[in-house]
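Encoded as structure tokens, the structure appears first; notes follow it.
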Amino acid sequence: MRIAVAGILAAFALGVAAAVSAQGPAPTVTVTASGTALSLDVSGPLQAGPTRFEVVRAGDAPAEIAIGALRPAVTLDQFMTAVQGDPEDAIELLNLDGGASVSPPTRRRAVTFPLRANSTYVVINIAGRRPQVTSFTVGGQANGAALPRADASVRMIDLRFRGATRLPRRGVLRFENAGWAPHFAVAAPLRRGAGRRAVGAALRRGNERRLGRLVDFRASIEPQSLITRGAVDYNEVRFPRRGRYVMVCFFEGHDRQGMYRFVRVR
Ligand SMILES: [Cu+2]
């Protein structure tokens, strides 16, 4: 009896070891956005689990890519109709799991997040006058890929940023939306001599002119695109320079409600 149990345990341990060692890097899907066209390069059928999306900006236009799974009982037709009416309403039909904004001079950016089993996803470029949409489906198997290692983690919850306040200039930032509202993050460097209190006051009052004198939005990046409740994604980011930044969520006036945080990039 004891030998049989030991045998089962040994077989189980071997199985676990095999499963762990079988974990490879996440498969990559290339999303190319030209401003007039949006295309996906997918090698073979996608399965559930960590998947890396590399957004390539072709041409001159910026790309703002949002990737989301249709919520249960929502059809692709329903989504397409909604997105042509009001993109804000269309977001309600999705679990926005990840995305990436790429603006000149940057050409490419990547984000990794786990795809949901048995789901239809839409990929939207919201940068243009008219949103461009494409879609893909995810099967019911697990892809066995491992999540990337994060250099820093940030949580967005109840109109606040939590977690790391020291971010790598170049690295992988894990973001989690642990609250009820959709959020995104813009990070902009503080100008020389700009104090936290003054920046905070300008944000809460929505005083854009004053804010522009304190914060350099031309050197800003968007380390996290809009994601909805429960989403966890791994953004490969590169900040333009080291120093003090303010990280802000501008979604539906969250900035005026205090959703900003001072961070240091080094
Ligand atoms: Cu927010």
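Where residues in region 257-266 are open to solvent by 20 Å² or more (accessible area, probe 1.4 Å) and away from the ligand (no atom under 11 Å from the Cβ), which of them is nearest to the chain's Cα centre (by Cα)?
Taking region 257-266 as the starting set, the residues that turn out to be open to solvent by 20 Å² or more (accessible area, probe 1.4 Å) are 257, 260-262, 264, 266.
Then drop every residue that is not away from the ligand (no atom under 11 Å from the Cβ), which leaves 261-262, 264, 266.
Details: Arg261: 18, Phe262: 20, Arg264: 20, Arg266: 21 Å.
The extreme case among them is Arg261.
Conditions: (1) open to solvent by 60 Å² or more (accessible area, probe 1.4 Å); (2) under 27 Å from Glu252 (Cα atoms); (3) assigned to a loop (DSSP other than H, G, I, E, B). Gln78 meets all but one. Number of the miss?
For Gln78, the failing item is (3).
If a residue has to be within 16 Å of Phe239 (Cα to Cα) and outside any strand (DSSP E or B) to count, how many in region 151-162 make the cut?
Result for region 151-162: 1.
Return yes or no: is Gln84 in the same structural domain as Ala33 (by TED's automatic domain parsing) and either modelled with pLDDT of 95 or more or surrounded by fewer than 15 Cβ atoms within 10 Å (Cβ to Cβ) (or both)?
Values: in the same structural domain as Ala33 (by TED's automatic domain parsing): yes; either modelled with pLDDT of 95 or more or surrounded by fewer than 15 Cβ atoms within 10 Å (Cβ to Cβ) (or both): yes.
Yes; evaluated as a whole, the condition is true for this residue.
Kindly list the number of the only condition in (1) under 20 Å from Ile67 (Cα atoms); (2) within 16 Å of the ligand (Cβ to nearest atom) that fails for Ala145.
Unmet condition: (2).
Quick check on Glu222: is it open to solvent by 30 Å² or more (accessible area, probe 1.4 Å) and within 16 Å of the ligand (Cβ to nearest atom)? If you could, list the steps in order and put the result at the bottom.
On the way: open to solvent by 30 Å² or more (accessible area, probe 1.4 Å): yes; within 16 Å of the ligand (Cβ to nearest atom): yes.
Spelling it out, Glu222 is indeed open to solvent by 30 Å² or more (accessible area, probe 1.4 Å) and within 16 Å of the ligand (Cβ to nearest atom).
Within region 163-200, can you find the residues that are closer than 14 Å to Val237 by Cβ and of a type in the set (Gly, Ala, Ser)?
Ala164, Gly171, Ala185, Ala187, Ala188
When residues of region 236-253 are filtered for being crowded, with 20+ Cβ neighbours inside 10 Å and within 16 Å of the ligand (Cβ to nearest atom), how many remain? First the steps, then the outcome.
Going residue by residue through region 236-253, those that are crowded, with 20+ Cβ neighbours inside 10 Å are 237, 239, 245-249.
Checking the rest, the ones that are also within 16 Å of the ligand (Cβ to nearest atom) come to 246-249.
Number of matching residues: 4.
Output the residues belonging to region 166-219 that are open to solvent by 10 Å² or more (accessible area, probe 1.4 Å) and within 16 Å of the ligand (Cβ to nearest atom).
If we filter region 166-219 for residues that are open to solvent by 10 Å² or more (accessible area, probe 1.4 Å), which is where we start, we get 166, 168-172, 174, 176, 178, 180, 182, 184, 186, 190-193, 195-198, 201, 204-214, 216-219.
Glu176, Ala178, Trp180, Pro182, Phe184, Val186, Arg204, Gly206 - these are the residues of region 166-219 that are open to solvent by 10 Å² or more (accessible area, probe 1.4 Å) and within 16 Å of the ligand (Cβ to nearest atom).
Taking region 87-107, which residues are modelled with pLDDT under 90 and touching a Ser or Thr at 6+ places or on another chain (Cβ under 9 Å)?
Ile91
The values are calculated or read from the model by the stated rules, or taken from the named source; none is laboratory data. Just so it is clear, the structure is predicted and the values come from calculations on it, not from any experiment. Positions of Cβ are generated from backbone atoms using ideal geometry, with glycine treated the same way; all protein chains shown enter the neighbour counts. Note: accessible area is taken over every heavy atom of the protein model, side chains too, but ligands, DNA and RNA are not part of it. Shrake-Rupley method; radii C 1.70, N 1.55, O 1.52, S 1.80 Å.
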